[in-house]
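Readers should treat all values here as calculations from the given coordinates under stated rules, not as data from a laboratory. Keep in mind it's a predicted model, so treat the numbers as computed, not measured. Cβ atoms come from the backbone with ideal geometry, glycine included; neighbour counts cover every protein chain shown.
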């Protein structure tokens with residue numbers, strides 16, 4: 001009986017891929033259940049000079065949370081807040097940020113395991129009450 005030759009390179013390639021995946025999962029086990037924040041929504045109150053950042057990030061365990069929020073105004077870093085946990089899957093943090101109409105505020109939320117999510121907001125002019 002003759003054995004038919006198969007693609008030896010293909011078998012080696014598949015074997016190497018499986019080996020590489022096993023090594024990756026062993027060295028970086030936290031990345032498997034980690035993911036970047038799902039959503040970042042921003043609001044700014046010009047009168048109180050307060051930026052609100054509502055962040056959605058699913059937690060799989062106590063050790064998986066948003067650990068850092070970076071705030072930039074017109075591209076310049078104005079605040080970097082670090083956290084040891086997150087209060088809920090969707091939560092809002094408020095920050096005092098001096099800004100005027102036309103300023104661009106950027107918020108970047110970082111997962112302590114893997115990934116980040118960024119959102120931008122252009123500060124609008126003060127809202128005038130509608131006359132009655």
Calculate the FRET efficiency for residue 98 and residue 132 from the Cβ-Cβ distance with a Förster distance of 25 Å, rounded to the nearest 0.05. 0.20
Theoretical gain in end-to-end length, residue 47 to residue 59 [0.36 nm per residue, Cα-Cα removed]: 0.9 nm
For 77, 42, 121, which order do you get if you count the other beta carbons within 10 Å of each Cβ and list the fewest first? 77, 42, 121
Gap in Å between the Cα centre of region 65-84 and the Cα centre of region 49-63? 12 Å
In nanometres, the difference between 0.36 nm per residue of separation and the alpha-carbon distance of residue 74 and residue 90 is 3.1 nm
Ranking 97, 107 by Cβ neighbours within 10 Å, fewest first, what do you get? 97, 107
